[in-house]
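The values are calculated or read from the model by the stated rules, or taken from the named source; none is laboratory data. Keep in mind that what you see is a predicted model, and the values were worked out from it rather than measured. Cβ placement follows ideal geometry from the backbone for every residue including glycine, while neighbour counts extend to all protein chains displayed. Each accessible area value is taken on the protein alone, full model and side chains, heavy atoms only, with ligands, DNA and RNA left out. Shrake-Rupley method; radii C 1.70, N 1.55, O 1.52, S 1.80 Å.
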Amino acid sequence: MKPIGSCLLWVALAVALTFSSLGVAQEEEESEEREQWFSVDSLNAGLGEVPEEVKRLTPRDAIRSFLALAKEQDFAAAAHVLNLSELDEAEQQQRGAQLAMQLAEVLRRGEWLNVSNLSGRQDAAIEDPSGQHPMTGQPRRDIELASLTLDGEAYDIRLGRYRMDDEEPVWLVTPDSVATIPTLYEAYGPSLLEEYIPDRFKTSLGWLELWEWIAIPLFLLAIGLVGWGVHGLVGLLAHWFPSGWPSIFAGRIGGPMALLVMAFTAQAVLDYLVSFTAVATTFIRVLLMILIAWGVGTIALRLVDTILLKVTRRIVGEIDDTKPKDERKLLTTLYALRRVIILITVVAVSVYVLSQIQLFETLGLSLLASASVLAVLVGIAGQAVLGNILSSFQVSLAKPIRIGDLVMFEGQWCYVEGIFYTFIRLRSWDERRLIVPVTYFVSKPFENLSVKSAKMYRTLELIVHLSADIQVIREKFLEYAKEEDNVVEHHKLSCYVTGQTERAQTVACYLMASDPFAGWVAEMNIREKLLAFIRDNHPEWWPREVVVLSHHDIAKGEQPGSRPPPHEATPGGDGEG
């Protein structure tokens, strides 16, 4: 009996485990199904039967049928796309039609909604052929339809998937979103001006309604007239202001100020007087954001330019190295600040505009998929530009050169006149302008003559006869050098013989000048004076070629006509020539 009882025990245990596993599998299946939709006991019972034209199996079908019914003014049928579970059944029919009408207006004006971007699958699973999205292939029961901003707060309109009993799951606007429709309608609903527009002008014509094709050009014309008036007013203020940096600054901000006033005026008109459909409103608001950001950035840039001009004229003066290096450093820093403002303005405007129109959400995956191609294209096309920009910031931070420095670049004396994004502007001594790419400039050796001080030693050389009196030349050099205003540190003046040949000697005179160009001028002036002194007073000091007319050595006292020693006699002659 024991073997039979043991077998029965094992059979019972196997049956129990089988039913347990089936129960667990059933619970997992039910749990998985619950994750794919929201189970409800009733669904819009007060609206009656669902019309055949209402399609709600996918998010795309639900919104497409809602918009089609709203266009036909059949808001009672469109209400079936809303989850009205928060309302009593008695008021669902009346309130549902009203909420459907309000939601249609909000979607038409609040955000440019592209129905094709909504999922066409019943489970709304994300389809990503690249497989980079972390939720690819996973079913969803809640998706975002639109996100609107009101008083600085975001309001989402979402779709949820609901199932009642054994019926097919359907996609409806969630109850939380339905509750926010009246609030959004107050902000995004029809404006006061639209109440006076006849219904025949509200028919659709392309992306816009007929009245919008007439109102938008008039709207832009009115805003343009406002900008023209502001530009003229700022110009008058520039003439009224006293001469100086206020009038210069006012004269430079006429255009940006006009754009700012135009943008704020247009924004106020859109908020309080008239509102267009989402297509026009999205384009206009993006344009206004660009104008506001560009106007603010341009005014800031004009302010920096005005400060640069003031510093250049009143503090630094002429752009050269005669001023202290701290002032040249300040001017270089202001130029760097100018480039930073430009860069920040461009980046901020781009990021802000892209974030407002939500391009990152719709195009993010595509951009990631083509990131390698874009990187290659940018690397090839923008290598020179990006290299110059980075080198420009490197020069501004490290400051191997400053605005006003005197540099010796490729054998030419040049003053650094400006450091820009992609090039450095140099002013040569003969007032020519050299435009040098930044990367080329920093990759070539150059001599900065103004790193520590603008003072520079100059060397003046004269070649005179061996009989010249060096002490006299030295005294004259000291006299002439002290008369020059640009010669400094007179105790460093010196004059010495630095070379000698059989016919002449080289005299080198050293002087310290306040700056290289002034030193060059002082050197030329002193040389001319010394040459004039020698020419007028000691012409015998000029170097000259020696021609031997006799072989008699006058240094030994020999007289011309005397016979040379026998060993010095020349054949056929008496030694005279």
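At 1.4 Å probe size, put Leu287, Leu225, Leu462 in order of accessible surface, largest to smallest.
Order by accessible area, largest first: Leu225, Leu287, Leu462.
So what is the relative contact order for the range 436-551, in percent, with contacts set as C-alpha pairs under 8 Å and at least six apart?
Worked out over the range 436-551, it gives 34 percent.
Quick check: residue separation of Ala90 and Leu434 times 0.36 nm, minus the Cα distance between them. What number comes out in nm?
Working it through step by step, the gained length comes to 115.5 nm.
Leaving ligands, DNA and RNA out of it, rank Asp61, Asp485, Asp271, Asp305 by accessible area with a 1.4 Å probe, largest first.
Order by accessible area, largest first: Asp485, Asp271, Asp61, Asp305.
Can you tell me how much longer the chain between Tyr272 and Ile126 gets when fully stretched, taken as 0.36 nm per residue apart minus their C-alpha distance, in nm with one decimal?
Using 0.36 nm per residue and subtracting the Cα-Cα distance, I get 48.6 nm.
I'd like the carbon and sulfur percentage of the solvent accessible area for the range 401-457, probe radius 1.4 Å, heavy atoms only, ligands and nucleic acids excluded.
58
Relative to a virtual label point 7 Å from the Cα of Ala179 in the Cα→beta-carbon direction, which members of the range 141-156 show backbone nitrogen distances below 20 Å?
142-156
Ser191's amide H: which non-local residues (gap 5+, or another chain) put their own amide H closer than 5 Å, with H modeled 1.01 Å from N in plane and none for Pro or chain starts?
Ser275
Keeping all protein chains in position, work out how much accessible area Thr282 exposes to a 1.4 Å probe, and write it in Å² to the nearest 10.
Using a 1.4 Å probe on the heavy atoms, I get roughly 40 Å².
Hey, can you rank 80-93, 493-506 by average C-beta count inside 10 Å, highest first?
Result, highest mean Cβ count within 10 Å first: 80-93, 493-506.
Once a ≥ b ≥ c are taken as the square roots of the eigenvalues of the Cα gyration tensor of the range 439-478, is the result rounded (a/c under 1.5), prolate (a/b larger than b/c) or oblate (a/b not larger than b/c)?
In terms of gyration-tensor shape, oblate.
From the phi of every residue in the range 222-230, what ³J(HN,Hα) in whole Hz does the Karplus formula 6.51 cos²θ - 1.76 cosθ + 1.60 yield, where θ is phi - 60° and glycine or proline is x?
5, 5, x, 5, 4, x, 4, x, 5
Between Val351 and Val296, how many nm apart are label points set 7 Å from Cα along the C-beta direction?
1.3
Tell me, what ³J(HN,Hα) does each residue in the range 478-487 have, in order and in whole Hz, if you take phi through Karplus 6.51 cos²θ - 1.76 cosθ + 1.60 with θ = phi - 60° and put x for Gly and Pro?
Working through the residues one at a time gives 4, 5, 5, 5, 5, 7, 7, 5, 7, 8 Hz.
Rounded to the nearest 0.05, what FRET efficiency do Trp213 and Leu287 give with R0 = 30 Å and r taken as the Cβ-Cβ distance? Could you check?
Using R0 = 30 Å, I get an efficiency of 0.95.
Find how much the distance from Gln73 to Tyr496 grows on full extension, using 0.36 nm per residue of separation minus their present alpha carbon separation; answer in nm with one decimal.
Going from the current span to full extension adds 141.6 nm.
Leaving ligands, DNA and RNA out of it, rank Ser247, Ser39 by accessible area with a 1.4 Å probe, largest first.
Ranked from most to least accessible, the order is Ser39, Ser247.
What is the set of long-range amide H partners of Ile126 at a cut-off below 5 Å, with H atoms built 1.01 Å from backbone N?
Hits under the 5 Å cutoff: Gly137, Gln138.
Can you pull the one-decimal nm distance between simple spin-label points at Arg200 and Leu478, each 7 Å off the Cα toward Cβ?
10.9
Given a 1.4 Å probe and the protein chains all in place, what does the accessible area of Arg140 round to, in Å² to the nearest 10?
60
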